[in-house]
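Notes to accompany the following structure.
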Amino acid sequence: MTTIEHWIGGGTTRAGSTRTSPVWNPATGERQAEVLLAEPADVDVAVTAAAAAFESWSQASLTKRTNVLFAFRELIARHARDLAEVIADEHGKVVSDALGEVQRGLEVVEFACGIPNLLKGDYSDQVSTGVDVFSFREPLGVVAGITPFNFPVMVPMWMHPVAIACGNAFVLKPSERDPSASMLVAKLWAEAGLPDGVFNVVHGDKAAVDALLDHPDVAAVSFVGSTPIAKYIHGRAGANGKRVQALGGAKNHAVVLPDADVDFASDHLVAAAMGSAGERCMAVSAAVAVGAGADELVEAVAAKAAAVRVGPGRDESSEMGPVITAAARDRILGYIDTGEKQGATLAVDGRGLTVPGHEDGFFVGPTVLDRVTPQMDVYRDEIFGPVLSVVRATEVDEAIALINANPYGNGTAIFTSSGEAARRFQRGVKVGMIGINVPIPVPMAYYSFGGWKDSLFGQSHIHGPEGVAFYTRAKVVTSRWPRVEHPIGASYHFPTTS
Ligand code: NAD
């Protein structure tokens, strides 16, 4: 049995860890490895290594930093397939989808390659006679990232390329369910010439996370995961005086107006609900069918959902893989049972699916529940599986009100051919990321990603300009170089310009 170790100070180590957690192959149901779980003392070793590395990395020139980033960019591009296969084996998603994840992560690295431009400050000449003012930004120190299982490459890459480009040292605590991709990423950072200790990976569970949240030398914490844990991270790290951005869960609605093209909308709804087995924070899990066309839409969605090819992630013909664990599968199946009991109509039933040759895999078939109401558990909770709930509404304002009554505010989309309705929607919804005829509106790397309400705790969205601001703090310098032969006397009143 392979044991996945930590990456601290430029190499693998067990540190003092003895506890382990199983790593499954979701397609076969086999336990394929075990990962070490760090104790607080192990976290301290990683933070100490990072703090030592920060001293010189934070002083490295922008040229040196960008050289490393460009080399890292090339290595990620070259190893995209290797990363995608590691993701497929531990997460379960299909390789083509995993390649998409790597690509979206790579785009953040490319954004970070522009760090000299992003860190430019302001300069005001002669604000008073002989006085200039300028600003610049400095890195924070050691920053930590705590990440979920569903994007083991992309979500950490929302964080570490930007943090490292800004001159910080980084400690990543990836999900213990699919830890191997982070080890390959660590090797590629080292190969790119990043000095030892600037990027570290500590595997673990709550004990490791709490140690990071409490460590006095961790200046900031970026978290992505479920809402209850995001809220907890924000509270505990914040109480310890750290900067925190904590992105939480979601219940993303896609509204389909009667003037939308049904074929186009149903294609995109099914892909956005079932892609990656629904294990995406931007997955569409609630479709709001507006007006008279609802039956036709549900019929089209059901036919397409039933036709999704479910199979192992490594099989080129699979469109959707298994879910992450047996427990996740059972939880999702439980929600489908409850939905049926609470009165939803099963337009497509994904229970009881077996994939030939992979009978022990953690598969759930695509499921479509129609005539779902806001009171039902399937509507209220984030299921995080291939289950689409269809709610019906009579007009666009009712759909907007439904979205706004939901505690989450991560993403939402509208399908329509009306510019007026789309504009009313984009202005009316209390949601951070909005798609117009785009089902999964993940912003490009040079914008910032983040939701509203219970989908985000803290002020800062992730990557893009807000990422640079999060990982740095500003200094403003007011400077005067008087000519010694013409000394200016000091005054005792509060300084004003002259
Ligand atoms: P999770 O909250 O269970 O785990 C996230 C991280 O927190 C992991 O590293 C885990 O080890 C750690 N953790 C878990 N329980 C903890 C505890 N009690 N104390 C301290 N740390 C703990 O999330 P997950 O199941 O890995 O991922 C799925 C969730 O992530 C979904 O809710 C999804 O919507 C969300 N997500 C959100 C975004 C976003 O951008 N908003 C992106 C991806 C995933």
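The values are calculated or read from the model by the stated rules, or taken from the named source; none is laboratory data. Because the structure is predicted, anything quoted here is derived from the model rather than measured. In this analysis, Cβ positions are derived from the backbone assuming ideal geometry, glycine residues included, and neighbour counts consider all displayed protein chains.
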(message) Taking the criterion of being buried (at least 18 other Cβ atoms within 10 Å of the Cβ), in a loop (DSSP other than H, G, I, E, B) and under 24 Å from the mean Cα position of the chain (by Cα), would at least one residue in the range 32-53 satisfy it?
(response) yes
(request) Would you please name the residue that is farthest from GLY114 (Cα to Cα), looking only at residues in the range 19-63 that are β-branched (Val, Ile, Thr) and out of contact with any helix residue (DSSP H, G or I) (no Cβ under 7 Å at 6 or more places or on another chain)? (result) THR28
(message) Every residue in the range 60-95 that is in contact (Cβ under 8 Å) with a residue 60 or more places away in the chain and farther than 18 Å from ALA186 by Cα, please.
(response) ALA60, ALA88, ASP89, HIS91, GLY92, LYS93, VAL94, VAL95
(request) Find the residue count for the range 452-472, including only residues that are surrounded by 19 or more Cβ atoms within 10 Å (Cβ to Cβ), within 16 Å of ASN117 (Cα to Cα) and within 14 Å of the ligand (Cβ to nearest atom). (result) 3
(request) Inspect all residues belonging to the range 204-218 and state whether any of them is farther than 26 Å from GLU39 by Cα, touching a Gly at 6+ places or on another chain (Cβ under 9 Å) and modelled with pLDDT of 95 or more. (result) no
(request) Give the residues of the range 213-245 that are more than 9 Å from the ligand (Cβ to nearest atom) and of a type in the set (A, V, I, L, M, F, W, C), sorted by residue number. (result) VAL218, ALA219, ALA220, VAL221, ALA237, ALA239, VAL244
(request) Go through (1) in a helix (DSSP H, G or I); (2) closer than 27 Å to GLY409 by Cα and name the single condition GLU299 misses. (result) (2)
(message) Checking the conditions here, which among SER175, SER135, SER182 is under 23 Å from LEU62 (Cβ atoms) and among the hydroxyl-bearing types (Ser, Thr, Tyr)?
(response) SER135
(request) Considering only the range 199-212, state which residues are in contact with a strand residue (DSSP E or B) (Cβ under 8 Å, 6 or more places away or on another chain) and within 11 Å of the ligand (Cβ to nearest atom). (result) VAL202, HIS203, GLY204, ASP205, ALA208, VAL209, LEU212
(message) VAL270 - would you say it is β-branched (Val, Ile, Thr), more than 9 Å from the ligand (Cβ to nearest atom) and not in a strand (DSSP E or B)?
(response) yes
(request) Please find, within the range 433-451, the residue that is nearest to SER417 (Cα to Cα) out of those that are within 16 Å of the ligand (Cβ to nearest atom) and among the hydrophobic types (A, V, I, L, M, F, W, C). (result) ILE434
